[in-house]
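In what follows, a structure is listed as structure tokens, so that the remarks can point back to it.
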Amino acid sequence: MTSTAILFLIAGLGLITWVFARARAGRFIQQGAASVHSLPSYHGWYAAMWAVVPAILFMLVWSTVAPALGSYAVLESPLAAQLPTDAFERAAILSEARSLSRNPDVKVFNDAARELAPLYADADRNYAMIGALAAFLLCFAGAAYAFTRIRPDFRARTQVERTVMLALLLASLIAILATLGIVASLIFETVRFFNLVSPFEFLFGLQWNPSDKVVDGQATGFGAVPLFWGTVFIGAIIAMLVAIPLGLMSAIYLTQYASANVRKWMKPILEILAGVPTVVYGYFAALTVAPALRSFAVAIGITDASSESALAAGLVMGVMIIPFVSSMADDSIAAVPGSMRDGSLAMGATKSETIKQVLIPAALPGVVGGVLLAVSRAIGETMIVVMAAGLAANLTANPFASVTTVTTQIVQLLTGDTDFNSPMTLAAFALGLTLFIVTLLLNIVALQIVKKYREAYD
Amino acid sequence: MLDNTATSSTNPKMSARDVKVFYGDKQAIKGVSIDIDMDNVVAFIGPSGCGKSTFLRTLNRMNDTIPIARVEGDITLDGENIYSSKMDVVQLRARVGMVFQKPNPFPKSIYDNVAYGARIHGLAPNKAELDQIVENSLVRAGLWNEVKDRLSDSGTALSGGQQQRLCIARAIAVDPEVILMDEPCSALDPIATAKIEELIHELRGRYAIVIVTHNMQQAARVSQKTAFFHLGTMVEYGDTSDIFTNPREERTRDYITGRYG
Ligand SMILES: Nc1ncnc2c1ncn2[C@@H]1O[C@H](COP(=O)(O)OP(=O)(O)O)[C@@H](O)[C@H]1O
Ligand SMILES: [Mg+2]
């Protein structure tokens, strides 16, 4: 019997339990029990939970335990005694035997595996049987237990609510645990990287020329400053030079000048801009903007203009970020109390004086927070820079030159068949961790500022 | 309309004739005529929603900032129609200042708050004169002694009552002729309220003052003339003492005696 079939059966049994438990609880009401605590359906859910949850939990555990038990049984057999003692060879034969037992068409290299395969098949069959039986037993036992507890005064509703709460808690924990796991693996690999390259060299070195060569336990060419610079140049300077003024101006127009009708049209359009997949921006940057910029640079006499440039990536990234900045600024400006605006207008200030002298200063903390969030987004952005910024780790402020970024290099280091233990692969983790820490700090600071600012006007 | 809706003082600072205000299709003010002169503080009283704020805001064209609002009728300042195309609304609002219900200092220093209007209207050619304007305004608003040592602190850090006096200082810094106050004490405690009322006494005569209040004792304390509004019309306008002791209209009497509102 396959585990899928068992699962369906248990679910079916759960349904039956639900129906019977509900009916049983319903009878109390019909018999006019003095005070029935929970609705019948809660009794139903309670019993169904007892029937299904323990059985399924058991199956989960069993599915990891059973193969080990199977191997153990095989090794106990007289046939296994003839296996070679070399651990590596032994393991190879055993794993071949196991694959063969599951799929007879598998190619095998050791004949011993062919003899062991039926043993595996037998053992697996036996343990699967035992597992299924135990699961059904648990299912029945759970249902029976729940049944004995169904009484008029039994608080089934409370129990069901508690279980629901637990399930939700578990769901949210999974996200947190996954994050922690990812961070832990980043840290772990980064520590290994720092055994090969000193953190100082990594953070302050000016030469980015990664290779897998390890001399005296040290790898060279991992000075990441050119990448950090490229990231800042594109994401925090060029992109923001585009996104901050345009985003802010569009927010001011939308909140202060646009009629309700115009706003109704423009806001969704801006939001659509935010929903365009970044890869689309990427090829727009690489295929349209970059060549145009290059011809422009050549036309004005810059001879060393590269076909991939910081400017192309930065401009397009800036455009991508506009809706984000605009909507953050929009929120901040809208959060400034209308009385402040009225106060200024009543002094005889014009609309633009009011915006410049009162609204923007009042909204500034919120806008700054929004810009920091935008920067953190921009420096983590990958697709546009991979496609349009280039790979040359230049330490240059020439916007027409090609620069590279942290994200680009991570992609570069991890694509192709590199050894998982090589310095280059490990460097990708160190870069990832650095990026993670920087964006995390930016986000924390930004959210703090925004929160403080919101409190000020509540 | 009854002839008591417009008192005929010889030389009114502002006068309104048959003013109607609409919010979209809804009429909020249904033909109000009134004269406001320099010597008297005028109080607008009436149940909430009767249009006191709306009418007050017609006097410095603040209703222009509400897209759906539309004003009909004539309002003059020193005989000049403020709704004519020749009237510059920036100038008008410098001459007719306004203080709001909730203190609304700008998120700037105390000094910059008071200097705001003077800077916008270019009233001070140099720093020394600007300092003088700021000091005079704060003195007149009765706030100078409390803030003179911390003019660079944020205006929003002051207490509610101080903030409201800061807003009054801000309004008088541009040397207006009329000051409109829309329930200036409704967000303040009794002590702060008493200070503002005292201030209104001192400002009387120098500026024409109109104050909206839903507190009848306050109207009796600070004003010489009172206008009673009801459902978008001005029911009665006269000397405050008459309105409170001997109103001519049934509806005024009912409101004064607390029958409704
Ligand atoms: N901005 C506005 N838009 C639409 N209707 C308004 C607006 N402001 C006030 N009103 C309406 O106009 C009427 C008078 O309001 P208001 O002048 O604020 O009264 P008061 O100040 O006497 O309480 C009310 O019915 C109110 O709902
Ligand atoms: Mg009002």
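The values are calculated or read from the model by the stated rules, or taken from the named source; none is laboratory data. Predicted model only: the values in this text are computed from it and were never measured. Note that each Cβ is placed from the backbone with ideal geometry, even for glycine, and that neighbours are counted across all protein chains shown.
Before we move on, is residue B:54 in a strand (DSSP E or B) and either within 14 Å of chain A (Cβ to nearest Cβ) or under 28 Å from residue B:167 (Cα atoms) (or both)? In short, no. If the condition is being more than 13 Å from ligand 2 (Cβ to nearest atom) and of a type in the set (Phe, Trp, Tyr), then the stretch B:12-46 contributes B:22, B:23. Screening the stretch A:315-398 for helices (runs of 4 or more DSSP H) wholly inside it with 3 or more residues that are away from every other protein chain (no Cβ under 14 Å) and of a type outside the set (Ser, Thr, Tyr) returns the ranges A:360-380, A:383-388.
The criterion of being touching a residue at least 40 places away in the same chain (Cβ under 8 Å), of a type in the set (Lys, Arg) and surrounded by fewer than 17 Cβ atoms within 10 Å (Cβ to Cβ) does not hold for residue B:140.
Return yes when residue B:93 is farther than 27 Å from residue B:212 by Cβ, part of a helix (DSSP H, G or I), within 12 Å of chain A (Cβ to nearest Cβ) and without any contact (Cβ under 8 Å) to a residue 40 or more places away in the chain and no when it is not.
Judged against the criteria, residue B:93 is not a match.
Tell me yes or no: at least one residue of the stretch A:35-53 is small (Gly, Ala, Ser), over 38 Å from the mean Cα position of the chain (by Cα) and farther than 16 Å from residue A:139 by Cβ.
yes
Please name all residue pairs, on different chains or six or more residues apart, with Cβ atoms under 8 Å, provided the first residue is in the stretch B:34-54 and is at positive phi and the second residue is within 16 Å of ligand 1 (Cβ to nearest atom) and of a type in the set (Phe, Trp, Tyr). Close Cβ pairs (under 8 Å, with a partner that is within 16 Å of ligand 1 (Cβ to nearest atom) and of a type in the set (Phe, Trp, Tyr)) amount to B:46/B:228; B:46/B:229; B:46/B:255; B:51/B:229. Restricting attention to the stretch B:52-61, the residues being closer than 15 Å to residue B:30 by Cα and either of a type in the set (Ser, Thr, Tyr) or away from ligand 2 (no atom under 11 Å from the Cβ) (or both) number 3. Take the conditions (1) closer than 18 Å to residue B:38 by Cα; (2) among the small types (Gly, Ala, Ser); (3) within 16 Å of ligand 1 (Cβ to nearest atom); residue B:205 misses just one of them, which is (3). Taken together, B:49, B:117 contain a single residue that is away from ligand 2 (no atom under 16 Å from the Cβ), out of contact with any strand residue (DSSP E or B) (no Cβ under 7 Å at 6 or more places or on another chain) and outside any strand (DSSP E or B), which is B:117. Filtering the stretch B:96-122 to residues that are among the aromatic types (Phe, Trp, Tyr) and facing chain A (nearest Cβ under 7 Å) leaves B:100, B:106, B:116. Just the residues that are free of Cβ contacts under 8 Å to residues at least 40 places away in the same chain and of a type in the set (D, E, K, R), please, taken from the stretch B:58-77. If the condition is that a residue be free of Cβ contacts under 8 Å to residues at least 40 places away in the same chain and of a type in the set (D, E, K, R), then B:61, B:64 are the ones that fit. Figure legend. Inter-residue proximity from the stretch B:11-30: first residues within 14 Å of chain A (Cβ to nearest Cβ), second residues near ligand 1 (Cβ under 9 Å from one of its atoms) and of a type in the set (S, T, N, Q), beta-carbon distance below 6 Å, spacing 6+ or different chains. No pairs are indicated. For the stretch A:232-246, the count of residues that are assigned to a helix (DSSP H, G or I), not hydrophobic (A, V, I, L, M, F, W, C) and not assigned by TED's automatic domain parsing to the domain that holds residue A:320 is zero. Checked against (1) modelled with pLDDT of 95 or more; (2) buried (at least 16 other Cβ atoms within 10 Å of the Cβ), residue B:131 meets all criteria but (2).
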